[in-house]
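Student: Here it is, the structure, as structure tokens.
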Amino acid sequence: MKTLVLGWFSFEFYGATAGDLMAKDVVCEWLEAAGHTHDVALAEPFEGGVDWRTVEPGQYTHILFVCGPFGESPDTVAFLERFGHCRKLGVNLSMLQNLDEWNPFDLLIERDSSVTANPDISLLCEQPKVPVVGLCLVEPQEEYRKRARHQEANEVIQRLIDSREMAVVPIDTRLDRNATGLRTQSEVESLLAGMDVVLTTRLHGTALSLKNGVPAIAVDAIEGGAKVTRQAEVLGWPVRFQVGSVTDEDLRKAFDYCLTEEARTKARECADAARDRLAGLRTRFLKEIDATAGDSVS
């Protein structure tokens, strides 16, 4: 017995989702648990597997189509006919037609149909979790003239992103026009606060992350350092770099550190120390305002 596992990931750019691929992993585990060999049909952009259009049909005894909406169409009819000799299994499908009208499967365990409904099997997939990383970049700043090296800073950050698996969330702190659909300062801060790590070339990307106990990798995009460097220094935050001197290895090590509880503790300590210092500035401000008000009255 040998099974060919298909899904919408078997057709080029056919809208396969993460859930489709998780469901595929589940049925493959079921087949392995039953001692049955199998191949998986994959198409671009997914790599590996076999091409159901060119593979020799005779080597398979079963075909299993997993996950997604399923109805009678030129694509579904094509592969059903090509493997017409096989026993046909359908798992986790939303059947688009009444089963009395069309059901090509010898065994159907549907997600939903005209007969019944079941939980989606992606709930069984034990997917490893990856860091959720905020990407908060400043736009080119012409006021720094020749010292501005934003593209270089962005590229070194992008190489870090490309070096490992992470879920990257773009976060724009601008509110006059916002590239990520955020509308208020509360929305911006709430998103930063929900990250595991923030990669940023922005002063407020650094400060607001630390405020919420989130470690930030701050890369100053201005040659020689400017406000991002000064702010990280005054906050006592050690994970700060300057464009031109930062290396890929520096950022990889920094990223590993920022995922530790030690880094989160340090971020909270920096924020607490900053609040204490700012309390003194508030006192000074109010004192000066009162003195100025007294001068005005006299």
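The values are calculated or read from the model by the stated rules, or taken from the named source; none is laboratory data. None of the values given here were measured: they were computed from a predicted structure. All Cβ positions, glycine included, derive from the backbone under ideal geometry; neighbour counts span all protein chains shown. Please note that ligands, DNA and RNA were not included when accessible areas were found on the heavy atoms of the full protein model with its side chains. Shrake-Rupley method; radii C 1.70, N 1.55, O 1.52, S 1.80 Å.
Student: What residue, of 216, 226, is of a type in the set (A, V, I, L, M, F, W, C), closer than 21 Å to residue 141 by Cβ and under 26 Å from the mean Cα position of the chain (by Cα)?
Tutor: Values: 226 fails: under 26 Å from the mean Cα position of the chain (by Cα).
Going through 216, 226 in turn, just one is of a type in the set (A, V, I, L, M, F, W, C), closer than 21 Å to residue 141 by Cβ and under 26 Å from the mean Cα position of the chain (by Cα): 216.
Student: Give 83, 65 a once-over and let me know the one that is touching a strand residue (DSSP E or B) at 6+ places or on another chain (Cβ under 6 Å), open to solvent by less than 30 Å² (accessible area, probe 1.4 Å) and under 24 Å from residue 124 (Cα atoms).
Tutor: Details: 83 fails: under 24 Å from residue 124 (Cα atoms).
Of 83, 65, the one residue that is touching a strand residue (DSSP E or B) at 6+ places or on another chain (Cβ under 6 Å), open to solvent by less than 30 Å² (accessible area, probe 1.4 Å) and under 24 Å from residue 124 (Cα atoms) is 65.
Student: Shifting gears a bit: Residue by residue through the stretch 162-174, note down the ones that are open to solvent by less than 50 Å² (accessible area, probe 1.4 Å) and closer than 18 Å to residue 206 by Cα. Even if it seems obvious, please write down each step before you answer.
Tutor: Initially, the stretch 162-174 is screened for residues open to solvent by less than 50 Å² (accessible area, probe 1.4 Å), giving 166-167, 169, 171-173.
Across the stretch 162-174, the qualifying residues are 169, 171, 172, 173.
Student: Return the only residue of 92, 118 being surrounded by 12 or more Cβ atoms within 10 Å (Cβ to Cβ), within 33 Å of the chain's Cα centre (by Cα) and farther than 16 Å from residue 6 by Cα. Outline the logic, then answer.
Tutor: On the way: 92 fails: farther than 16 Å from residue 6 by Cα.
Only one candidate passes the filter, namely 118.
Student: Which condition number does residue 156 fail, the rest of (1) among the β-branched types (Val, Ile, Thr); (2) over 17 Å from residue 209 (Cα atoms); (3) under 18 Å from the mean Cα position of the chain (by Cα) being met?
Tutor: In the conditions (1) among the β-branched types (Val, Ile, Thr); (2) over 17 Å from residue 209 (Cα atoms); (3) under 18 Å from the mean Cα position of the chain (by Cα), residue 156 misses (3) alone.
Student: When you look at residue 247, is it loosely packed, with under 12 Cβ neighbours inside 10 Å and farther than 29 Å from residue 151 by Cα, yes or no?
Tutor: Values: loosely packed, with under 12 Cβ neighbours inside 10 Å: yes; farther than 29 Å from residue 151 by Cα: no.
Considered against the rule, which asks whether it is loosely packed, with under 12 Cβ neighbours inside 10 Å and farther than 29 Å from residue 151 by Cα, residue 247 comes out as no.
Student: Still on this structure: Give me a count of the residues in the stretch 50-60 that are farther than 13 Å from residue 8 by Cβ and either aromatic (Phe, Trp, Tyr) or open to solvent by less than 60 Å² (accessible area, probe 1.4 Å) (or both).
Tutor: From the stretch 50-60, those farther than 13 Å from residue 8 by Cβ are 50-51, 53-60; that's our starting set.
With the extra rule that they be either aromatic (Phe, Trp, Tyr) or open to solvent by less than 60 Å² (accessible area, probe 1.4 Å) (or both), the set shrinks to 50-51, 55, 57-58, 60.
So the count comes out to 6.
Student: Now for a different question. I need the full set of residues from the stretch 214-234 which are closer than 23 Å to residue 276 by Cα and surrounded by fewer than 22 Cβ atoms within 10 Å (Cβ to Cβ), in order please. Break it down stepwise before answering.
Tutor: First, the residues of the stretch 214-234 that are closer than 23 Å to residue 276 by Cα: 214-216, 218, 227-234.
Those that are closer than 23 Å to residue 276 by Cα and surrounded by fewer than 22 Cβ atoms within 10 Å (Cβ to Cβ): 227, 229, 230, 231, 233, 234.
Student: Determine whether the stretch 14-35 contains at least one residue that is touching a residue at least 24 places away in the same chain (Cβ under 8 Å), open to solvent by 40 Å² or more (accessible area, probe 1.4 Å) and either farther than 26 Å from residue 124 by Cβ or assigned to a strand (DSSP E or B) (or both).
Tutor: No, the stretch 14-35 contains no residue that is touching a residue at least 24 places away in the same chain (Cβ under 8 Å), open to solvent by 40 Å² or more (accessible area, probe 1.4 Å) and either farther than 26 Å from residue 124 by Cβ or assigned to a strand (DSSP E or B) (or both).
Student: Would you mind stating whether residue 202 is of a type in the set (Lys, Arg), free of Cβ contacts under 8 Å to residues at least 60 places away in the same chain and closer than 27 Å to residue 142 by Cβ?
Tutor: It is false that residue 202 is of a type in the set (Lys, Arg), free of Cβ contacts under 8 Å to residues at least 60 places away in the same chain and closer than 27 Å to residue 142 by Cβ.
Student: On to the next question. Going through the stretch 87-123 one residue at a time, which ones are among the aromatic types (Phe, Trp, Tyr) and touching a strand residue (DSSP E or B) at 6+ places or on another chain (Cβ under 6 Å)? Please lay out each step first, then the result.
Tutor: First, the residues of the stretch 87-123 that are among the aromatic types (Phe, Trp, Tyr): 102, 105.
Scanning the stretch 87-123 gives a single hit, 105.
Student: Say whether the condition of being outside any loop (DSSP other than H, G, I, E, B), surrounded by fewer than 19 Cβ atoms within 10 Å (Cβ to Cβ) and of a type in the set (Asp, Glu) is met by at least one residue in the stretch 36-43.
Tutor: Within the stretch 36-43, one or more residues are outside any loop (DSSP other than H, G, I, E, B), surrounded by fewer than 19 Cβ atoms within 10 Å (Cβ to Cβ) and of a type in the set (Asp, Glu).
Student: OK, next. Among the residues of the stretch 100-110, what is the count of those that are under 15 Å from residue 89 (Cβ atoms) and open to solvent by less than 50 Å² (accessible area, probe 1.4 Å)? Break it down stepwise before answering.
Tutor: From the stretch 100-110, those under 15 Å from residue 89 (Cβ atoms) are 103-110; that's our starting set.
Add one more test, that the residue is open to solvent by less than 50 Å² (accessible area, probe 1.4 Å), and what stays is 104-105, 108, 110.
Selection size over the stretch 100-110: 4.
Student: Related question: If I filter the stretch 281-295 for residues that are part of a helix (DSSP H, G or I), more than 19 Å from residue 208 (Cβ to Cβ) and among the hydroxyl-bearing types (Ser, Thr, Tyr), do I get at least one hit?
Tutor: yes
Student: Just give me the residues in the stretch 223-274 being among the hydrophobic types (A, V, I, L, M, F, W, C) and part of a strand (DSSP E or B), in sequence order. Step through it out loud before you land on a result.
Tutor: As a first pass, look at the stretch 223-274 and keep what is among the hydrophobic types (A, V, I, L, M, F, W, C): 226, 228, 232, 234-235, 237, 239, 241, 243, 246, 251, 254-255, 258-259, 263, 267, 270-271, 273-274.
Within the stretch 223-274, just 241 meets the criteria.
Student: Additional query: Would you point out which residue out of 145, 183, 159, 177 is open to solvent by 80 Å² or more (accessible area, probe 1.4 Å), of a type outside the set (S, T, N, Q) and at positive phi?
Tutor: Values: 183 fails: at positive phi; 159 fails: at positive phi; 177 fails: at positive phi.
One residue alone meets the criteria, 145.
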